[in-house]
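To start, the structure itself, in structure tokens.
Values in this text are rule-based calculations from the coordinates and carry no lab data. Note that the structure is predicted; figures quoted are calculated from it, not measured. We place every Cβ from the backbone using ideal geometry, glycine too, and count neighbours over all the protein chains shown.
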Amino acid sequence: MSDLTKILGQSQPGVSRHLKLLCDAGLLERHQEGSWAFFHLPATGTNAVVARFLMDQIQDDDPLVERDRRRFDVIRQDRAARSDTYFRENAARWNRVRTLHVDETEVENTLCEMLGHEPVENLLDIGTGTGRMLQVLGDRVREAIGVDLSRDMLAVARSYLADAQYRNCSVRQADMYELPFADHSFDLVILHMVLHFAESPEDVVREAARVLQPEGRFFVVDFARHEMEVMRDEHAHVRLGFRNYDINQWAARAGLESLASRNLPGEQLTVSIWELSRPADIHTLEPTSARQGSFQQ
């Protein structure tokens, strides 16, 4: 059963038919990832204007809308609980889990090469996990902060960062969708092997862009698009990697420009590194509505 059949209480064929009609009319866009399909409103163009207009006609206090919202909240809470269980059970061996398919040393070396030798004042590592990026880059920055929602991950990170050489590094609990930092706080932001866990990856990119200084750099490290369903089944991945098009489109809508990308093939999966930047003359993000999760069929 898909998210929408659970939320709406309708049959799978009925929901599929209505989704097809909406897609054919241009009021929804469909994005296939393995056996899952994600549906979202169009971002630009006439169809986007029409879709937003129709959405605005729906009353928030409508009993059916309130019922559907409650059911959607239950689905999101269930996913969050499964994800939290996965991270809690794997926190102590996370670095080993992350090296199942790619050579992390090669990824780290390539990231450092792309970063170059420009001085960095403030680094933010979003979804820091065990704090590995802080260990790798800590000696290249004046101050490094790692954030993660998992207390178990943060406990492991603090143990790894207890050495005096990491005295400029700290970690704290925070939601990657609502970072507790002011606009334009960091000149370097890292999102390392995190985005594939996100229900709404574009919103994660947008929030990272918000805290990035003008002329600051933002590196996204994640899997290129693939079809390995086992990553969902056994490793709690929501997204099966990303295309250059995805990252570049989200970056552009967040006021960022794409500078470079590198692909690092592994035995089964390819890791990609995307380098993004905030132009010097861009100081504010385009307005956006509140975060909405994608529906999966």
How much net charge surrounds Arg172 when only the other residues with a Cβ under 14 Å from the Cβ of Arg172 are counted, with Lys and Arg +1 and Asp and Glu -1? -3
Rounded to whole Å and ordered largest first, report the semi-axes of the equivalent ellipsoid of region 151-254 derived from its Cα gyration tensor (root of 5λ). 24, 21, 12
Which of Leu64, Leu188, Leu134 comes first, and how do the rest follow, when ranked by fewest Cβ neighbours within 10 Å? Leu64, Leu188, Leu134
Going fewest to most other Cβ atoms within 10 Å around each Cβ, Val238, Val49 line up as Val49, Val238
Calculated P(r) tail over 21 Å for region 94-286, as whole % of Cα pairs: 48 percent
Peptides ranked, highest mean first, by Cβ atoms within 10 Å: ranges 153-161, 178-186: 153-161, 178-186
Could you tell me the distance between the Cα centroids of region 214-267 and region 124-194, to the nearest Å? 20 Å
Modelled FRET efficiency - R0 22 Å, Glu234 with Gln268, Cβ distances, 0.05 increments: 0.95
If the chain between Gln10 and Glu29 were fully stretched, how many nm would it gain, using 0.36 nm times the residue separation less the Cα-Cα distance? 4.8 nm
Pull out the extension gain between His184 and Thr46, defined as 0.36 nm times the separation in residues minus the alpha carbon to alpha carbon distance; nm, one decimal. 46.4 nm
